[in-house]
Amino acid sequence: MNYTQMNIALQELISRLKDAEQGYREIYNGTSNILIKRWMKKYADERQEFQKQLDFESQKLNGDPDTKTSFLGDLHRIFIEFKLNNIDNSLEAIIVEIERGSNVLINDYNKVLELEMTDQLRMLLQSQKEKISKEINSLTLIKEQLFAEA
């Protein structure tokens, strides 16, 4: 296993997870919709837990887990923040952006899973990816529920 390559890949995932966590917390703080608040809190906390797990794995590979958010993630959050100014009228657009961002994250996991790694790390990454996929499905259900009422 190429430790440098794996650490770089883990750092990129950690950065994406931080982007997602921050975005979810901003939406949580910007909406009065209880259903959306619950979803955002739950998955912001989960993204934070995923980061901790990957930080630990990176440290085991002698990596530096001090990762910042990404430039693209910052831009994505600016877009969401713009929508937050009128959030309750923009929930559909925000949910579409969350789905898009989550699908990008799934693709990032797929790329990392193509690398050589320990079985334990592969299982952890696969488990995180599967949870994110389930979250996308739950978000789709929330979207259908919210906009069926409209």
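The values are calculated or read from the model by the stated rules, or taken from the named source; none is laboratory data. Keep in mind it's a predicted model, so treat the numbers as computed, not measured. Ideal geometry is used to build each Cβ from the backbone, glycine not excepted, and the neighbour counts take in all protein chains shown.
Go through ASP45, ASP19 for me and flag whichever is buried (at least 20 other Cβ atoms within 10 Å of the Cβ) and of a type in the set (Asp, Glu).
Exactly one residue qualifies, and that residue is ASP19.
Taking ASP19 as meeting all but one of (1) part of a helix (DSSP H, G or I); (2) farther than 17 Å from LYS111 by Cβ; (3) at pLDDT below 90, write down the number of the exception.
For ASP19, the failing item is (2).
State whether one or more residues within the range 93-100 are modelled with pLDDT of 90 or more and either among the charged types (D, E, K, R) or in contact with a strand residue (DSSP E or B) (Cβ under 9 Å, 6 or more places away or on another chain) (or both).
Among the residues of the range 93-100, not one is modelled with pLDDT of 90 or more and either among the charged types (D, E, K, R) or in contact with a strand residue (DSSP E or B) (Cβ under 9 Å, 6 or more places away or on another chain) (or both), which makes the answer no.
Return the only residue of LEU146, LEU125 being surrounded by 14 or more Cβ atoms within 10 Å (Cβ to Cβ), modelled with pLDDT under 85 and either closer than 21 Å to ILE36 by Cβ or out of contact with any Ser or Thr (no Cβ under 9 Å at 6 or more places or on another chain) (or both).
LEU146
Matching residues to (1) over 30 Å from LEU91 (Cα atoms); (2) in contact (Cβ under 8 Å) with a residue 60 or more places away in the chain:
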{"site": "TYR3", "(1), (2)": "yes, yes"}
{"site": "LEU17", "(1), (2)": "no, yes"}
{"site": "GLN22", "(1), (2)": "no, no"}
{"site": "ARG25", "(1), (2)": "no, no"}
{"site": "LEU35", "(1), (2)": "no, yes"}
{"site": "GLN53", "(1), (2)": "yes, yes"}
{"site": "GLU57", "(1), (2)": "yes, yes"}
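Could you pull out the residue among LEU13, LEU35 that is hydrophobic (A, V, I, L, M, F, W, C) and under 13 Å from the mean Cα position of the chain (by Cα)?
Being hydrophobic (A, V, I, L, M, F, W, C) and under 13 Å from the mean Cα position of the chain (by Cα) holds for just one of LEU13, LEU35, which is LEU13.
All but one of (1) at pLDDT below 90; (2) within 13 Å of LEU54 (Cβ to Cβ); (3) not aromatic (Phe, Trp, Tyr) hold for MET117; which doesn't?
Result: MET117 passes all but (1).
Could you grab the pairs with beta carbons closer than 7 Å, sequence gap of 6+ or different chains, first residue in the range 101-114 and in contact (Cβ under 8 Å) with a residue 40 or more places away in the chain, second one basic (Lys, Arg) and loosely packed, with under 11 Cβ neighbours inside 10 Å?
Cβ pairs passing all conditions: none.
Give the residues of the range 22-40 that are of a type in the set (D, E, K, R) and either within 25 Å of ASN110 (Cβ to Cβ) or surrounded by 15 or more Cβ atoms within 10 Å (Cβ to Cβ) (or both), sorted by residue number. Lay out the reasoning, then the answer.
Applying the first criterion (of a type in the set (D, E, K, R)) to the range 22-40 yields 25-26, 37-38.
Selection gives ARG25, GLU26, LYS37.
If you check GLU116, GLU135, GLU130, GLU99, which single one turns out to be closer than 19 Å to ILE14 by Cα, out of contact with any Pro (no Cβ under 6 Å at 6 or more places or on another chain), outside any helix (DSSP H, G or I) and not hydrophobic (A, V, I, L, M, F, W, C)?
GLU116
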